[in-house]
Every structure is written in C-alpha cells, then in structure tokens.
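Following: one structure in structure tokens, then a few remarks.
The values are calculated or read from the model by the stated rules, or taken from the named source; none is laboratory data. Please read these numbers as outputs of a predicted model, since none were measured by experiment. Reconstructed Cβ throughout: ideal geometry from the backbone, glycine too, with neighbour counts over all protein chains shown. Calculation scope for accessible area: heavy atoms of the full protein, side chains included, ligands and nucleic acids excluded. Shrake-Rupley method; radii C 1.70, N 1.55, O 1.52, S 1.80 Å.
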Amino acid sequence: MGLSIDEYWYWFVNINGVGRITRNKLLNHFGSVVEVYNCSETVIKNMEFLNEKQKNNILVKNSDGIKHDYLAMMKKGISFIHQDSVDFPEKLMDIPDKPHGLYCKGEYKKILEDNRFKVAIVGSRKCSAYGNEAAYKIGYELGARGICVVSGMARGIDGAAEKGCLNAGGNSAAVLGCGVDICYPGDNIDLYMNIARNGVLISENNPGTKPTAGLFPERNRLISGLADAIIVVEAGEKSGTFITVDMALEQGKEVYALPGRITDLQSRGCNRLIKQGAQIFESVTEFLNDMEFFQACRGMNNETYKMFYDMKIDEKRPKQQEQNIIYSILDMKPKHIDDIVKETGIALCHVMNHLIDMEINGIVRQTVNNYYVLNI
Amino acid sequence: MFCKSYCAAVIGVDARIVQIEADVNDGMPIFQMVGYLNSEVREAKERVRSAIKNIGWGFPAKRVTVNISPADFKKEGTAYDLGIAVALLCSFGRIQCDKLDQILFAGELSLNGKVNSINGVLPIVLAAKERGFKYCIVPACNVNEGAIVSGIKTIGTDSLQETVDIIEKECFDEMAVPNEEWKSNYSACMSKDFSDISGQPMVKRAAMLAIAGGHNMLMIGPPGSGKTMIAERLPGIMPGLTMKESIEVSKIYSSSGKFTETKGFVYERPFRAPHHSISPAGLIGGGISPYPGEISYAHRGVLFMDELTEFKRDTVELLRTPLEKKYIEHTRNNVTIRYPSDFVLVVAMNPCPCGYYPDKSKCSCTPLQINRYLSKLSYPLLDRIDIVSQVQSVKYASINSQDKDIYTTSYIRERVNAMRSIQNKRFNNDRITLNSEMNLFHIKKYCVLDDECKNFMENVFEKLSLSVRGYNKILKVARTIADSEECDNITINHLKEAVIYRSFDRQIKEVM
C-alpha cells in the first residue's frame, strides 16, 4: 500500500538522527522525498555525508507504522504541513534554512494564509509593568484590526501580546519550542487553550518533544519568518530577543522597537536597536500608516477601527484640576501613594479619593497594592 | 476534731472557692489527703508536715485526714498549702479562731515555714470578694495583685508563723495592705515616637485608623522600610485600658504567673510580637492543663506577627476562630477552659521573595515566583484583615528632611482617643465598643449610605472587581474614617479611602 505525499514528508522529517542540514543534502541529491523513500539500499550505502547510523535509519521503511503514527497524530487534532503542501506559508519558503515540515494545532489554513498581514511582537520574559501593558495594548489593537500577532507564548511580553490580541477577538499564532501538544510554560495553560481555539499553535518539532534550551533559538527564526514586521517591546542588554531580531534582519523584515528611558534596564536593548537603525514604534496607527498596510484592515468592522484610530492618550487627561496634577506626575513606573502626596503637595485623603476616581474612569491603574501607573 | 478553712482553685482565668476540711482522730498514725488531687497537691502533705514541725509545733501521731471539696474536679497548683496548714493547726487545737469562715488562705509553704509566691492571686481575691469573704491572706510577694480589688481586705504574709500570729491576735484590719487607687497610665513605650519614622504618611494614617477602630492590619513592604518600627510604636498610640479591661488582662497574666514581667498590675495595653518559629500551642495556648498563648497575652492589645509568610501555615490558620470569637476555648478530657483573646492583629510581610517588588531595578523575581510567594498566605486569614497598606522603602531625602511630621505619637494618640470616645458613645447600648466588631445588624444601623455612595460602591465592584466578602469590611473602615473627621454619616470620600485600604484583594485574587 502506497503512502500519500503527506506521509512521505512525515516519514522524512522524522528519520531518527537526521537533522535539517542532512535532510537538505538528501533533497538536493534526490530531488524529492518520494525519491529518497524509494531509493535503493546501495545508493544510500554509498552516500558519503551519511554515517552508518543514519544510513540504517533511512533504510528502515515500515509503511504501516508510518500510516499508523500519522493517523494517530491527526486524531489528536494536530495537522502536518510541509514544503509541498498547498497550505505551507510562502513566507517561510523565502527564509534561509526554511523548515521542512510544521506541526499545527488550530485554524492554520485561515491564519497562515499568505496575504494575511502578520506582526511578531517579541520581548523579554522578565518585563516591567510598562512592557507588559504596552505589549498587551499593541496586541489588542492589532487583534482588533484583524491582524495576526505572532509570538512565542513565553512568559512576559510574548504572552501579554497574544492575550491582548485574543481578547480583542483577533487570531494569534504561537510558535513553540516544544511539541504543539505540550504547554510550556505551564502557567500559560489558559492562553494555550485559547490559542488552540482562536489561533494556531505551530512547532517544527514532533509532538511530544520536551522543551529544551536549544530548541528556542531555532523557533525564533520561524517567528520572524512568519511575520511581515516585528516589534520589540522590551529587551534587556543580553536578551534572547536579539536572536529573533538578527533572524528578522537576515530575512529582510522590518524591525520596530519601543523606546524606553535610559535608566530602564529592560529597555536598554530596545534603545540600542533604535541606535542601530530600527524604527521607533510610537502608536499602532502610525505603525500601520508606515507599513502601508491599510488594505490589511479592510476586513474589519468600521466602527471599532475608527475607535482605535482616533484614540489619543491625551484625551484621557482629567478635567478636575487636582486630578490633572496627579495625572501629570504619573507615568509607566509604579508610584507609591506617599510619593504622589509628596510630589504634588495634595493632602493624602484627597490623593486617595482622586486615585480611586481616576481608576474607575480608566485613567490610572494599580499595579501592586497602593502603587499606581498611567493606563495607556 | 474537725475544722475547715477556705482556699480557691484557679481554673483558666477564674478561681473557684474550695473548702479544706481537716479531721484528727485516734487510730493508726496516718496523714492522708483526698479530694481528686493532682500530684503537686498531694505533695503538700510533706511540705505542710515539715513546716508545722519547723515552726516549733509537733505533728501529733494520730489519724489525720484532709479533704478538699468539692471533690469532683481536679485540684492543681500549690496554693492550697497555707489553707491546709491552718485547717490542721485548728483541728490540732493549736489555734482558735471563729473567723475562719471569713478568711481565704492561699500560699505555698516551704519546708521551713516560709510562704512562697503562687500564680493567680488576682482571680483568687476576686472570687473571694464575690463569695463575700472579708479577708484574703496571700503570700507577701503577691499582695500587690490583690490590692487593686476593693471590698475585700488583702493581707500579705511571709511565713506560717506570721499567719498564725495574725489569726491569734485578730489584727486583720491593721495588717491589710491599703487599697490601690486604679488609674490608667501612659508610660508605655514613650521613648519610641512615631515621628522617628521619616515620611510614610499613608501607613501612619492606616495605623491610626487600625488602632482607633480595632481593625486588623497588614503591612507589605521591602526590608528596611520601617514595618517593624511602626509596629513597635503602636503601644504608644493605644488608648489606656479601662479598669474593667485592665482587670481582664491582669487576670490572664496573674493566673499564668507572668506578673514578674509587669510588676503587680497591667495598666498598659499589651504588645506581643512572637517570633515566626512559634509553635501552635505557643500561639493559641494549650498543654495538658491548658495555659494561655500569645493571643491571650495580647488580649486588649496588639499581636504583631512579623514576616507572616515565614510562620508555619497551620500555625497561622489557628488564628481564624479566635479572631472571630474573641476568645479561645481549650477542651481537655474533664475541663473546658476559656481564655479571652480580643486583640488587634498586625501582620507584616515582604511583597516578594527578594522583598523589593515592584521596584524592578532591585527586584529580580519573576511573576511566577511572586505568585508562589503570595499564595503562601492564607486567604481566610486575609479575609479577616480590614486594612492593607503598602510601605515603601525610605528615600534618602526624607531621612534628613527637616519637615515637621504631624504624625507624632502624642498627636495620633489624641486622635485615637477622640475616635474611641465617639465609638463608645455610639455603641452605648450595643454590647460592642469598636467599629471592627460591628455585625450585619450594626452595619445596617450605623453605616447608612446615600444614593451617591451606593452608586459609587456599585461602580467599584464592577470596575475594580473587588470581592463581595470585602464589602462589609469597606463599610466598617469607612465608618472609622468618618469618625476620624467626626462625621455622623459616611460620605463618598470615606468610602474611597476605605477602598484603597482593601485593594490588596484584587492582587491576591489574581494569584489564587
């Protein structure tokens, strides 16, 4: 019984001990996976770039076993796409060291479609309240415009951006370093389930692969590869985010960075990127103008779009005079009530009253008990 | 000959009058004691025999029986020695006195006839007064404890010989210690003033409200921000004890022999700060014959638990019922003892494992670590805390600041006193004294909200997602805030401030 093309590829990417580089060599030599599968034993035995173990593994061809495994995987709701599938994203064909196959969980056809605009939002796992907030907000606004947010479902910026996107009713793609059937980190389980329903989980690794450190830089190239542009929200000086940025530059993608204050350690990396020529990210509207991707928004509800388009931070400025003073000294760094009292000279009781009012009106937000930041 | 004298058994913080019957008859020379006695009471036999011999009187070779009645509960402690000796001397015919039924004896004898100190003199004297005794003869070193009780004459005695002399000469009135006038006094912790703490206006205000309204308080802050300093200064701002409260507290200290620490009588509100290695029995009391724990020693005062997250979880959970009921009951096989434990709980903790969150320049904890740290807290306990205040680390500028801080100890105490008297007036007919003790009925009666406030509370619950459990806490704290401004009604500004003190709820809810 013959194998389907999907099953040939499935066999091909799962040969034990054969990595991407060797697979590329095999494809170059034989032209297609079917040829590799059907080649004779002597041809394989004479290949110089293969070691004994690899040769043996390639020669083990149990078609029933392959069919069985493939079916079992499909039954778990995991799809497999490869370089020859119709659904394989064109964008990934253009990147160097393109993946041979991808495992997907979720609505991969709709989301990975090539003319759908995708933006990667990346940043460090250890982020500040500001970074978290900004990532969520950007993710939200992009999601509301029907733009797909691509990220890595990590703690910190990644997760926040994807949560924002999903909460706005958008679709998000998460590229994982482990198998798509494993939720890592475990505390993101809600997000994981949500993406599986309203987005897509993608991995280059076989289902069941445990998360190991070496796999994450590999997946970063897919994040930048899938996206049309990447936004770096927050990155320290030695953040792993730079791997994604390097890949993106290599792949010729536009890189945006959120500027930060010179005193913020978490923004050092972003500021350095800007110094090196990255675009400054100021607002989603400007970003989209910039990218001339308005056509990407065509599909969305006009009213919501207008709402976001018109939203300006300054309109939130409170009318009441004392509240205005409090507003003017608050920023994205959490500030204790005592400090607000000291800097404004307004009596403690009044400060507390104003803060509660402003919080109800959505102008400020309490990060930790008694510490306030501006709500952007 | 049959003779009897009176003594009292201390059970918990109260005393029960017992009578000591002595009977001397012909027969085998035996000295035996009956009446459900614990071993230390049975050992009194040897002490009494030696004491009587050593003050120069022989112990006749007759059949001697002593019974302590009522015989249906266990007698413990060494307070019976003196009463037994007097009853025996009487039945030997060595002393004659027709006033023995008006006198209560309590004291431990040593072999040479001296009288040693005992625990629980105050409850004993109070019980004697209640039963209509005229005199109370107690060890001289404990006589101060009884001096405060009026309506009964307390006499101190150093030895069995002196006791016999007093009885024979009937010079009771001459020997009685003069009654001490009860007066509240404020000498406590005056060396530590609130103005020593630089800045931190918010937590100082929170402390004032907590003490004034009897609200339990939680302080969260980085190391070195002054949480412990604030707690140490709390006794200074507490109002003086009333005489009734003072006696309640003194009874606890007296019955457990803690008076060596407080010299006679408790005039100041206690402040207890147990270390976090404390055992469950140390905290709430316990043992085979139950003794009081830190929560009872903190009765009418403050119990401060520093580094709350370091306390063993099951130890902290034990606080739940005493915080609600204001007493703790220890039940053992034959006795249930109730110790009062009406205290203000003040707890302190760090915001994260390293202690510096949300100052991200110092804190390196991940959100996961912080969540794990906060989830160590017990939610039921947090639910009993009305006021939560974040203490922030002290800035250099405020250390040397020359600004006069209005929050000095004397200022705060004045405010607290004023607020307490408002509460006393309000709760005159309600059997409670503090805002924190209000139940649903009182809240309905005294925390009336106008329409504006009702709208605000509705808004708060929707937008700030507060828990419904906190609703009544907010009203109680708002009541205290209104009292601080001497307002009859709660206004919207009071509610807003109270909401701020409750906002920890939200953070915790995200974690749990």
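For the stretch A:324-342, filtering for residues that are open to solvent by 20 Å² or more (accessible area, probe 1.4 Å), out of contact with any strand residue (DSSP E or B) (no Cβ under 8 Å at 6 or more places or on another chain) and not aliphatic (A, V, I, L, M) leaves 4.
Only one entry in B:113, B:151, B:132 is crowded, with 19+ Cβ neighbours inside 10 Å and closer than 27 Å to residue B:11 by Cα, namely B:113.
So which helices (runs of 4 or more DSSP H) are wholly in the stretch A:271-336 and hold at least 2 residues that are modelled with pLDDT of 50 or more?
Values: elements: A:284-291, A:302-310, A:321-329.
Filter on the stretch A:271-336 gives A:284-291, A:321-329.
Please indicate, with yes or no, whether at least one residue in the stretch B:15-30 is open to solvent by less than 60 Å² (accessible area, probe 1.4 Å), outside the structural domain of residue B:254 (by TED's automatic domain parsing), outside any strand (DSSP E or B) and over 30 Å from residue B:329 (Cα atoms). For the stretch B:15-30, residues open to solvent by less than 60 Å² (accessible area, probe 1.4 Å), outside the structural domain of residue B:254 (by TED's automatic domain parsing), outside any strand (DSSP E or B) and over 30 Å from residue B:329 (Cα atoms): present. The sole residue among B:173, B:165, B:158 that is of a type in the set (Asp, Glu), surrounded by fewer than 20 Cβ atoms within 10 Å (Cβ to Cβ) and modelled with pLDDT under 90 is B:173. Put simply, of A:111, A:121, A:157, A:95 the only residue that is of a type in the set (Val, Ile, Thr), at pLDDT below 90 and under 15 Å from the mean Cα position of the chain (by Cα) is A:111.
Is it the case, given these coordinates, that residue A:205 is open to solvent by less than 40 Å² (accessible area, probe 1.4 Å), among the polar types (S, T, N, Q), more than 14 Å from chain B (Cβ to nearest Cβ) and within 15 Å of the chain's Cα centre (by Cα)? Walk me through it before giving the result.
Values: open to solvent by less than 40 Å² (accessible area, probe 1.4 Å): yes; among the polar types (S, T, N, Q): yes; more than 14 Å from chain B (Cβ to nearest Cβ): yes; within 15 Å of the chain's Cα centre (by Cα): no.
No.
Report, by residue number, each residue of the stretch B:436-461 that is outside any helix (DSSP H, G or I) and aliphatic (A, V, I, L, M).
If the condition is that a residue be outside any helix (DSSP H, G or I) and aliphatic (A, V, I, L, M), then B:438, B:448, B:449 are the ones that fit.
All but one of (1) over 14 Å from the mean Cα position of the chain (by Cα); (2) surrounded by 14 or more Cβ atoms within 10 Å (Cβ to Cβ); (3) in contact (Cβ under 8 Å) with a residue 60 or more places away in the chain hold for residue B:302, so report the exception by its number. Every listed condition holds for residue B:302 apart from (1). Against the list (1) in contact with a Lys or Arg (Cβ under 8 Å, 6 or more places away or on another chain); (2) outside any loop (DSSP other than H, G, I, E, B); (3) among the hydrophobic types (A, V, I, L, M, F, W, C), the condition residue B:247 fails is (1). Do you know which of the residues in the stretch B:360-374 that are assigned to a loop (DSSP other than H, G, I, E, B) and open to solvent by less than 50 Å² (accessible area, probe 1.4 Å) is nearest to the other protein chains (Cβ to nearest Cβ)? Per the stated criteria, the residue is B:366. Per the listing B:199, B:236, the residue uniquely buried (at least 18 other Cβ atoms within 10 Å of the Cβ), over 28 Å from the mean Cα position of the chain (by Cα) and touching a residue at least 12 places away in the same chain (Cβ under 8 Å) is B:199.
Residues that are modelled with pLDDT under 90 and basic (Lys, Arg): does the stretch B:75-85 have at least one? Within the stretch B:75-85 (the criterion being modelled with pLDDT under 90 and basic (Lys, Arg)), the answer is no, since none of the residues qualifies.
Please tell me if residue B:213 is surrounded by fewer than 19 Cβ atoms within 10 Å (Cβ to Cβ) and assigned by TED's automatic domain parsing to the domain that holds residue B:195.
Details: surrounded by fewer than 19 Cβ atoms within 10 Å (Cβ to Cβ): no; assigned by TED's automatic domain parsing to the domain that holds residue B:195: yes.
Answer is no for this residue.
For the structure I just gave you, tell me whether residue A:184 is within 14 Å of chain B (Cβ to nearest Cβ), not in a loop (DSSP other than H, G, I, E, B) and not hydrophobic (A, V, I, L, M, F, W, C). So residue A:184 does not fit the description; no. Say we look at the stretch A:125-174 and pick out the residues that are in contact with a Lys or Arg (Cβ under 9 Å, 6 or more places away or on another chain) and of a type in the set (Ser, Thr, Tyr); which of these is nearest to the other protein chains (Cβ to nearest Cβ)? My answer is A:128. Of the residues that make up the stretch A:220-232, is at least one part of a helix (DSSP H, G or I), in the same structural domain as residue A:165 (by TED's automatic domain parsing) and open to solvent by 10 Å² or more (accessible area, probe 1.4 Å)? Yes; the residues of the stretch A:220-232 include at least one that is part of a helix (DSSP H, G or I), in the same structural domain as residue A:165 (by TED's automatic domain parsing) and open to solvent by 10 Å² or more (accessible area, probe 1.4 Å).
Per the listing B:197, B:118, the residue uniquely farther than 21 Å from residue B:101 by Cβ, among the aliphatic types (A, V, I, L, M) and within 14 Å of chain A (Cβ to nearest Cβ) is B:197. With respect to the conditions (1) surrounded by fewer than 23 Cβ atoms within 10 Å (Cβ to Cβ); (2) more than 19 Å from residue B:387 (Cα to Cα); (3) of a type in the set (S, T, N, Q), residue B:341 lacks only one, and its number is (1). The single condition among (1) assigned to a loop (DSSP other than H, G, I, E, B); (2) surrounded by fewer than 21 Cβ atoms within 10 Å (Cβ to Cβ) that residue A:109 does not meet is (1).
Being at the interface with another protein chain (Cβ under 9 Å from one of its Cβ atoms) and either in contact (Cβ under 8 Å) with a residue 12 or more places away in the chain or buried (at least 21 other Cβ atoms within 10 Å of the Cβ) (or both) is the requirement here; does residue B:383 meet it? Break it down stepwise before answering.
Details: at the interface with another protein chain (Cβ under 9 Å from one of its Cβ atoms): no; either in contact (Cβ under 8 Å) with a residue 12 or more places away in the chain or buried (at least 21 other Cβ atoms within 10 Å of the Cβ) (or both): yes.
When the stated conditions are applied, residue B:383 does not pass them.
Within the group A:51, A:16, A:24, A:28, which residue is under 28 Å from the mean Cα position of the chain (by Cα), among the polar types (S, T, N, Q) and either modelled with pLDDT of 85 or more or open to solvent by less than 60 Å² (accessible area, probe 1.4 Å) (or both)? So that I can check it myself, show each step before the final result.
Values: A:51 fails: under 28 Å from the mean Cα position of the chain (by Cα); A:16 fails: under 28 Å from the mean Cα position of the chain (by Cα); A:28 fails: under 28 Å from the mean Cα position of the chain (by Cα).
Being under 28 Å from the mean Cα position of the chain (by Cα), among the polar types (S, T, N, Q) and either modelled with pLDDT of 85 or more or open to solvent by less than 60 Å² (accessible area, probe 1.4 Å) (or both) holds for just one of A:51, A:16, A:24, A:28, which is A:24.
Of all residues in the stretch A:330-356, exactly one satisfies the criterion of being facing chain B (nearest Cβ under 7 Å) and among the charged types (D, E, K, R), namely A:338.
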